[in-house]
Structures are given as structure tokens and as C-alpha cells.
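As C-alpha cells, the structure follows; a few thoughts come after it.
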Amino acid sequence: MKVILLALALAGSSAAAQTPDGAALYQQHCRSCHGAKGVPSPGMLTMFPGLKALADSAFLTARSEDSLVSVMRNGAGKMKSFKDKLTAEQMLAIARFVKTLASSTGS
């Protein structure tokens, strides 16, 4: 019985270790344009006037995780596609993280 429980515990921790870290992926791939907390810098907004503030709760409420993944996969406006850089699971992890930005900044 102890062997089975240990095997299940190890399998669970292995699955958790394989789950992409949306926050880390966001920092690596999205922060330079969208800002560390989802608010683009004034300089980025000057260069890219259509750049969205991902910490905007109204903006995020109107979008599903799937729609955010679609933008990452296909690109939008001047944003290029990330389909060759990120897996579907990584994009979903980023989308889930992005959905938390509005509540964490108080916007």
C-alpha cells in the first residue's frame, strides 16, 4: 500500500513539474512590450499606440483564455505570432497568468 501511495505522490509531483509556469513565460516573452505587470511603458506606447494594457480589467474581462491564446498563436496588429516559440500549453499558461494581472494591480 505504501509503495502505491508513494508512486501516486511521485506521479502527481511529476505532472505538476511539467505544468508550464505562465508567470515565468510571460516575463520571458511578453514583459518587454506589455510591461512586467501588464502595463506598457510610455515609450512602448509611443512606438506601438495600439499596444494593450493587459492589466486593464475591462479589456481582460471581455476576453477568454482561448482568445488570448489565439492572439499569441496568430499575432494581432504589430504583434507577431508566437506559434514557433511557444507550445499550446505554454500559451495557455501565459493566458491564465495574464487573466490574473488585472486583479493583482487593482485596475
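The values are calculated or read from the model by the stated rules, or taken from the named source; none is laboratory data. Everything numeric here is computed off the predicted structure, so don't read it as measured data. Cβ coordinates were reconstructed from backbone atoms using ideal geometry, including for glycine residues, and neighbour counts include every protein chain displayed.
The residue of region 21-37 that is surrounded by the fewest Cβ atoms within 10 Å (Cβ to Cβ), among those that are more than 10 Å from the chain's Cα centre (by Cα) and in contact (Cβ under 8 Å) with a residue 24 or more places away in the chain, is Lys37.
Looking at region 64-107, which of the residues that are among the hydroxyl-bearing types (Ser, Thr, Tyr) and in a loop (DSSP other than H, G, I, E, B) is surrounded by the most Cβ atoms within 10 Å (Cβ to Cβ)? Filtering first and then ranking leaves Ser107. Among the conditions (1) among the aliphatic types (A, V, I, L, M); (2) surrounded by 11 or more Cβ atoms within 10 Å (Cβ to Cβ); (3) modelled with pLDDT under 90; (4) part of a helix (DSSP H, G or I), the only one that Leu5 does not satisfy is (2).
Residues in region 38-58 that are in contact (Cβ under 8 Å) with a residue 40 or more places away in the chain and either of a type outside the set (D, E, K, R) or within 22 Å of Thr87 (Cα to Cα) (or both): Gly38, Val39, Ala53, Leu54, Ala55, Ser57.
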